[in-house]
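In what follows, a single structure is set out as C-alpha cells and then discussed.
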Amino acid sequence: MRMVCISKSNDIAVGLRLAGVQSFFIKDNDEIINKIIELSKDSNVGIINVTEEVYEIAKFQIQKISNNQELPLIVTIPNS
C-alpha cells in the first residue's frame, strides 16, 4: 500500500515528494474534493495525508470516507 498527500502548499508537497511520498499540489477546492474521492477508491492507497487547510475544505467527504471505509486512513498534518 502506498501513502499519498494532498496539499494547497507547494512547499509541503515538494518536501514530502523528497521523502518518497506521492504528493498532489492542488489549489482548486473542487479538484481537492474530487482527488480525495478518487484516491479513497484506489485499493493501493493505504494512507492519505491532508493538510489542515485541505481538511477544512473537504471535511464532509473525509468524515464520510472515514465512517464508511476501513482504508484508506486519512491523516491531517499541519500547514507549513
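None of the figures in this text is laboratory data; all of them are computed from the coordinates on show. Note that this is a predicted model, so its numbers are computed, not measured. Cβ: placed from backbone, ideal geometry, glycine included. Neighbour counts: every protein chain shown.
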Given the C-alpha atoms of the stretch 2-77, compute the convex hull and give its volume per residue in Å³.
69 Å³
As I understand it, the dipole of the chain uses +1 on the Cβ of Lys and Arg and -1 on the Cβ of Asp and Glu, about the Cα centre. Which of Cys5, Ala19, Thr76 lies farthest toward its positive end?
Ala19
Determine, from the Cβ-Cβ distance of Asn67 and Lys41 and an R0 of 22 Å, the FRET efficiency 1/(1 + (r/R0)^6), rounded to the nearest 0.05.
0.90
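Roughly how big is the chain's charge dipole about its Cα centre, with Cβ charges of +1 (Lys, Arg) and -1 (Asp, Glu), in debye to the nearest 20? Display every interim value, and only then the final one.
On the way: 8 positive and 10 negative charges, 31 e Å.
It works out to roughly 140 debye.
Counting helices only, and only those DSSP H runs with n ≥ 4, report the 222 nm mean residue ellipticity of the chain as the sum of -39,500 (n - 2.57) divided by its residues, in deg cm²/dmol to the nearest 500.
Values: 4 runs with 37 residues, N = 80.
The helix contribution divided over the chain gives -13000 deg cm²/dmol.
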Given an 8 Å cut-off on Cα distances and at least 6 residues of separation, report the relative contact order of the stretch 2-77 as a percent.
34 percent
